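First up is the structure itself, then whatever we jot down about it.
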Amino acid sequence: MKSPVRQRALIAVASGAIALSTAVAVAPAATAAPNSYAYSAARWLEDQLTGGLVHNPNYGGFDDHGLSLDVFFALNQLDTRASTQARIVQAVSADVATYTTYDDGSKVTFYPGSGGKLAVAVEAAGGDASDVNGADLIGQIEKLTDDATGAIDPGLTYGGVGQTWATRALVAAGSDEADESVAFLLSKQCPNGSFLQDYAAACGSTVEVDSTAFAVVALAEAQEAGHDGLADELAAAAKALASAQVADGSFVGNGTPNSNSTGLAASALRLAGQDGAAGSAAAWIVRHQVTDARAEDTALANEIGAVAYDGAAMTTGMDEGITDESRDQWIRATSQAAAGVQAQLSSTKVAVTRSGTFVAAGRAASVRAAGLRPGEKYTASVVGGGTARGTVPANGVVAASVTTPAGTATRTVTVTGSRGNRVGSTSITVLGPRKLTVAKARTKVKRAKVQKIVARGLVAGEPVRIQYRGKVVKRGVASSKGTFTYRFKVGRKTGTAKVVVRGAFAGRQGATSFRVVK
C-alpha cells in the first residue's frame, strides 16, 4: 500500500491537469540533431537522474516515476541519449505496480493514465507494453475501455490528459480497441476545436492549452498509425491551440505564461505542421532558459540548459539557485520545454517593402514583409515611433502599419519574427509640418510676361504642387537640394496674384504674392 504522499504524486502524474504535472508530447523521432538549446536542455535533464529515475527529496523523499518518464519523452522526441532513455524505461518498469496501481488494502486499482504513459514509453523504446515486468498494460487498459464507445471512467483517467495517454497506448500497441478509443476522444472535442480536461464541464470559448495539446499529439499519432478520417479534427484542434498563443509567443496555463504549457504547445504545433507558431513558442522558451551568458555571475552558473517555469522562477533562480524545493519545478518545466525548443526557427533575412516614399509625421506607415513562416509572431516598429504586433498569415506576407514619430527625418522600419535573427528593415522618409520659403524673382510683372519662383525647405524628391490664382498649374518633385523652381507666364489679368507651394502633406506649404501690371 502506498503512502498518501506517493498516492498524490501518482494522481498528479496520471492526470496532467494540475500545476506542473503534465508531460511532454511524443512525436516520431526527430529527423535532425537537437539544436544547441535542446541539446543543453537534454544534457541538464540527464544530469537530474539517478539510476534512471528522478528522485524528489521532498515529502520524505521518493522516486518520481512520472517525472522520470517526462524526461524520457523529452530525450525520445529529440532522438538523443538512447542509453539514458533505456535506463529510464527499465527503472520505471521495474516498479510498474507502484507507478500504475494503488492498493488500499482491500483492492488494487489500475490507473489507465499512468499505465498508458508507461506503455507509450515502452513501445517508443522498442519494447512490448503487454508484458512490462509481468504486467499487461495494454490488456488492463483494454479491460477498462468500453467495447462500444471507447470510454474509460474519467474517475480513473482524471479527465482529458489521462484519456489521451490511454488512447495513445492503444494506438501505439495496435490494439483492437484503438479505433473505439480514438472515436471516444473525438467525441470530446469542443465546437471551437479544443479539448477540455474536465469531461463534465461545458465547452466554452476558452482554449485549455494542455489538454488540447495532448489531444493534438494523440490524434497525430493515430493518423500516423493509419487511423482514417482525422484530418479535419486534427486541423481544428491545432487551429484552436494556435489561437491561444499570446503575442509574445507564450501559452498560458494556471493563469500565467509558462514553459510547461508553451513547451507542450510548441511540440504539438510542430507535429501538426504549424512551424511558425511552434517557432514563436520555442523562442519564448529560449528567453527563459539558463544559458552561459544569462547564468554568468548568478547562482545558476552550474545549471546550464535548465528552463525556468516563468520569469519569476528565473529571477529567483538567479538569486538563490535551484534548491531541493524548487528542483522538481525546474525538471518538469525543462522536460516539456526541451522538445518544444527543437521547434526553434533558423535565422532568415526578411524582405521589407514600404508603401510610398514619404509618410506624414504622426500618421501610419504601411509596410509589407516576406520571409517569415505562417503562424509566426512578428513585431513591426519604427525608430522613435509606434510598434505593431501580429501573426504571420497563411500566405506568409505580413501587412503592418506603424505610427511614425514627429519631425522630419529618414526613419528605419524593422520587422522581426520570433527571434532577433529573423529580421528585415526598410527606410521611410517622415515629413513633419513646415512653412516653406517661396521666393519670387520680381514684385511686379507685366501682363503676359514670365515670373520665376523658387521654393525651399522641401526634401529631396518630395512631391510639389504649384497653385497660381487658386488653380494647380504645376506638379513636380523637389531637387536633391530640396528646392523647386518654376517659371510661368502670369497671364493678362492685372492686380495682386498669389502663388502657393504645397509639399507632400498638409502643413508643408508656403506662399508669396506679386502684382501683375500693364
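Key figures
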quantity: Heavy atoms of residue 83: accessible area, 1.4 Å probe, square angstrom to 10; calculated: 70
quantity: Hits among aspartates and glutamates - C-alpha to C-alpha of residue 471 under 17 Å, sequence gap 8 or more where chains match; calculated: none
quantity: Aspartates and glutamates whose Cα lies under 17 Å from that of residue 377, excluding same-chain neighbours fewer than 8 positions away; calculated: 248, 275
quantity: Net lengthening on full extension, residue 97/residue 243 (0.36 nm per residue, minus Cα-Cα); calculated: 48.6 nm
quantity: Among 126, 207, 229 - extreme Cα towards positive end, dipole of the chain, charges at beta-carbon; calculated: 207
quantity: Tilt relative to the chain, helix 275-286 - C-alpha long axis, 0 to 90 degrees, to 10; calculated: 80
quantity: Expected 222 nm ellipticity per residue - DSSP helices of 4 or more, -39500 (n - 2.57), all of the chain, to 500; calculated: -11000 deg cm²/dmol
quantity: Packing rank of 352-360, 284-292, where each peptide gets the mean count of other beta carbons within 10 Å, highest leading; calculated: 284-292, 352-360
quantity: Degrees separating the helix 82-93 axis from the principal Cα axis of the chain, which is the longest one; calculated: 50
quantity: Nearest-10 value in Å² for the accessible area of residue 493, using the 1.4 Å probe; calculated: 140
quantity: Relative contact order %, the chain, counting alpha carbon pairs below 8 Å whose residues are six or more apart; calculated: 11
quantity: Positive-end extreme of charge dipole, segment 441-493 - chosen from 457, 491, 473 (charges on Cβ); calculated: 491
quantity: Options [x] 32.7, 122; [y] 24.5, 77; [z] 23.6, 82 - which one matches Rg and Dmax of the Cα atoms in Å as calculated here; calculated: [x]
quantity: Ordering of 409-418, 261-270, 64-73, 247-256 by burial proxy (mean other Cβ atoms within 10 Å per residue, highest first); calculated: 261-270, 64-73, 409-418, 247-256
quantity: In Å², nearest 10: area of residue 190 left accessible to a 1.4 Å probe; calculated: 10
quantity: Alpha-carbon centroids, segment 85-153 and segment 180-240: separation in whole Å; calculated: 23
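The values are calculated or read from the model by the stated rules, or taken from the named source; none is laboratory data. Note that the coordinates shown come from a computational prediction; the quantities given were computed from them, not determined experimentally. Positions of Cβ are backbone-derived with ideal geometry, glycine not excepted, and every protein chain shown enters the neighbour counts. Remember, those area values only see protein heavy atoms, side chains included, never the ligands or the DNA or RNA. Shrake-Rupley method; radii C 1.70, N 1.55, O 1.52, S 1.80 Å.
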